[in-house]
Amino acid sequence: MNEEEIKTQRKSWELEDHWQLRNAFMTTYCDTFPPDKLLCLAQTFVNVETLGVKYSPDVMEEIERLAENVPNLAEYRATKERRDEESAERKKTRKQEKKNFKVPRYDRNNQRDYYPQNCWSRR
């Protein structure tokens, strides 16, 4: 499989960073594996790196071994880790805000806080 054929393998729903990883993997190993196995290994690699999917130990060992030669993988992992930390922080903040939120209650004795001034005045 050559680089032109690899470019045609992008799926319409595939995220840009997932495609970049899969493309880098396929480009690295295009001369090593037959096309069917290359596509399968590339998708497995992306599933492990992006979704955290676990496979049998021998498959995981092979993917880890192959991942060592994929360019920009360390950069992707650092970016993913940073995004995960930011996401966890946002989730924690939202949870705290939700916990601290107080629903205003209607107070019959203090209607002026709930209605515009002169709303109930008689003319």
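Based on this model, can you work out whether GLN20 counts as farther than 25 Å from ASP84 by Cβ and modelled with pLDDT of 90 or more? I'd like the intermediate steps shown before the answer.
Working: farther than 25 Å from ASP84 by Cβ: no; modelled with pLDDT of 90 or more: yes.
Against the criterion (farther than 25 Å from ASP84 by Cβ and modelled with pLDDT of 90 or more), GLN20 does not qualify.
Take ARG65 and decide whether it is at pLDDT below 90, out of contact with any Phe, Trp or Tyr (no Cβ under 9 Å at 6 or more places or on another chain) and of a type outside the set (S, T, N, Q). So that I can check it myself, show each step before the final result.
Numbers: at pLDDT below 90: no; out of contact with any Phe, Trp or Tyr (no Cβ under 9 Å at 6 or more places or on another chain): yes; of a type outside the set (S, T, N, Q): yes.
It is false that ARG65 is at pLDDT below 90, out of contact with any Phe, Trp or Tyr (no Cβ under 9 Å at 6 or more places or on another chain) and of a type outside the set (S, T, N, Q).
Take GLU61 and decide whether it is surrounded by 11 or more Cβ atoms within 10 Å (Cβ to Cβ), in contact with a Leu (Cβ under 7 Å, 6 or more places away or on another chain) and of a type in the set (D, E, K, R). Break it down stepwise before answering.
Details: surrounded by 11 or more Cβ atoms within 10 Å (Cβ to Cβ): yes; in contact with a Leu (Cβ under 7 Å, 6 or more places away or on another chain): no; of a type in the set (D, E, K, R): yes.
Answer is no for this residue.
Taking the options THR8, THR32, name whichever one is β-branched (Val, Ile, Thr) and surrounded by 11 or more Cβ atoms within 10 Å (Cβ to Cβ).
Numbers: THR8 fails: surrounded by 11 or more Cβ atoms within 10 Å (Cβ to Cβ).
Unique residue meeting the criteria: THR32.
From the set of residues in segment 1-17 that are within 19 Å of THR32 (Cα to Cα) and of a type outside the set (Val, Ile, Thr), which is modelled with the highest pLDDT?
Only one residue tops the list, namely GLN9.
The values are calculated or read from the model by the stated rules, or taken from the named source; none is laboratory data. Predicted, not measured: the structure shown is a model, and the values here were computed from it. Methodologically, a virtual Cβ is constructed for each residue, glycine included, from the backbone with ideal geometry; neighbour enumeration extends over all protein chains shown.
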